[in-house]
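The values are calculated or read from the model by the stated rules, or taken from the named source; none is laboratory data. Here the structure is a predicted model, which is why all the values come from computation and not from measurement. Ideal geometry is used to build each Cβ from the backbone, glycine not excepted, and the neighbour counts take in all protein chains shown.
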Amino acid sequence: MAASVIRQIGVLTGGGDCPGLNPVIRAVVRRALKDGIEVTGIRNGWKGLVNNETVPLDLNSVSGILPKGGTILGTSRTNPYKDPQQLSALKENLGKLGLDALIAIGGEDTLGVATKLVKEGYRIVGVPKTIDNDLSETDYTFGFDTAVNIATESIDRLHTTAESHHRIMVVEVMGRHAGWIAVHAGIAGGADFILVPEIPINVDEICAAIRKRHDRGKTFSIIVVAEGAEFAQGQTVLRDKKLDSFGHVRLGGIGDALGEIIEERTKFETRVTVLGHVQRGGTPTAFDRVLGTRFGVKAVELVIAGQWGKMVSLKGNAIVAVPIELATAKLKTLDMELYDIAKIFFG
């Protein structure tokens, strides 16, 4: 498709916010304007298309947003395919807006909606976004590096207070189905144990290893646990039973539960720190700013080339195009070779 056919594109951010979204938006606008293409921002993800909430984006709109966390467009966890009325409104508004293409920035859920719309003939290009780094067909997603750096700094700080008070510190980090943040931050922060969703938690082994550490004079321990980790019996610890529009339960609580069990069994004082949304907030790292920028530029180039149903992806050091459908077909779980390296330093 010739570049002259594309006159106006839309861009939206869906799902959980993360550092690096604004660099993508900025890059989309800057690259599009180079070819005289107008950009319309869709507010609050797919909800914005349902409610017809848009804002024109120009150079002034994206000036100064490179170092800002979050997303200037806002976001939501909206699944229009769960509600026929919402889906109908979304399609009607897409027609009214007169967009020649749409760039959807999001994770498995946001891009899952994009995949369905592409099959119905809509012109959509995807940009992968998840701090969990669990989206297939890309080596890394922006936001992940920032989250790991925040978690690592937190672990570093907890080392000194744990050692001073001779305590066990349990640090709960994000990671619904994959332990990428836990392992990267755990290795970088010198954690004594790292617990991930891919491997059931064996409390007996952890408590035995903690006692062994104390026997050799190590009177403190740092345990990093991903929020989606499960005990060996297969019981995920949940904060509540509420579901979002994609059917996901709200995770959290594994750190508190684990801390109570460890203190009860070992009799060593244990404290729990839940990092939560601190990992999502704040300014993106240089890596995430650069990756987001490269993704945004490539997304517009895919639009100009008419590569509908494709997602930008990092493969090695190259930004390439892959089918959105493949990227959302299955989660990218932890590389167990990396976990084996982490285990060398356990205990």
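In the stretch 74-103, of all residues being closer than 26 Å to V29 by Cβ and touching a Phe, Trp or Tyr at 6+ places or on another chain (Cβ under 6 Å), the one that is modelled with the highest pLDDT corresponds to P80.
For the stretch 184-204, the count of residues that are part of a helix (DSSP H, G or I), surrounded by 24 or more Cβ atoms within 10 Å (Cβ to Cβ), among the small types (G, A, S) and in contact (Cβ under 8 Å) with a residue 12 or more places away in the chain is nonzero.
Only one residue in S136, S164, S154 is over 30 Å from G98 (Cβ atoms) and free of Cβ contacts under 8 Å to residues at least 24 places away in the same chain. Which one? Lay out the reasoning, then the answer.
Details: S136 fails: free of Cβ contacts under 8 Å to residues at least 24 places away in the same chain; S154 fails: free of Cβ contacts under 8 Å to residues at least 24 places away in the same chain.
Only one candidate passes the filter, namely S164.
Kindly provide the set of residues from the stretch 228-276 that are basic (K, R) and modelled with pLDDT under 90, ordered by number. Answer for the stretch 228-276, where residues must be basic (K, R) and modelled with pLDDT under 90: R239, K241, K242, R250.
Which of the residues spanning the stretch 13-32 are part of a helix (DSSP H, G or I) and among the small types (G, A, S)? Don't jump to the end; show me each part of the working.
In the first step, residues of the stretch 13-32 are kept if they are part of a helix (DSSP H, G or I); the result is 21-32.
Residues satisfying the conditions are A27, A32.
Residues that are in contact (Cβ under 8 Å) with a residue 40 or more places away in the chain, within 24 Å of the chain's Cα centre (by Cα) and outside any helix (DSSP H, G or I) within the stretch 251-298 comprise L251, G252, V272, T273, V274, L275, R280, G281, G282, T283, P284, T285, listed in sequence order.
Residues that are in a helix (DSSP H, G or I), polar (S, T, N, Q), modelled with pLDDT of 90 or more and in the same structural domain as E301 (by TED's automatic domain parsing) do occur in the stretch 115-137.
Tell me whether the stretch 163-172 contains one or more residues that are modelled with pLDDT of 95 or more and under 19 Å from G69 (Cβ atoms). The answer is no, given that none of the residues of the stretch 163-172 is modelled with pLDDT of 95 or more and under 19 Å from G69 (Cβ atoms).
If you take the residues of the stretch 34-68 that are part of a helix (DSSP H, G or I) and of a type in the set (S, T, N, Q), which of them is farthest from the chain's Cα centre (by Cα)? Give the derivation first.
Of the stretch 34-68, the ones part of a helix (DSSP H, G or I) are 34, 46-51, 59-62.
Then keep just the ones that are of a type in the set (S, T, N, Q); that gives 51, 60-61.
On the way: N51: 25, N60: 28, S61: 25 Å.
The residue in question is N60.
Here D58, D83 are screened, and the one residue that is among the acidic types (D, E), closer than 18 Å to D109 by Cβ and in the same structural domain as V300 (by TED's automatic domain parsing) is D83. Residues in the stretch 299-330 that are in a strand (DSSP E or B), in contact (Cβ under 8 Å) with a residue 60 or more places away in the chain and surrounded by 17 or more Cβ atoms within 10 Å (Cβ to Cβ): K310, M311, V312, S313, L314, V322, P323. Restricting L94, L99 to those that are in a loop (DSSP other than H, G, I, E, B), more than 25 Å from the chain's Cα centre (by Cα) and not polar (S, T, N, Q) reduces the list to L99.
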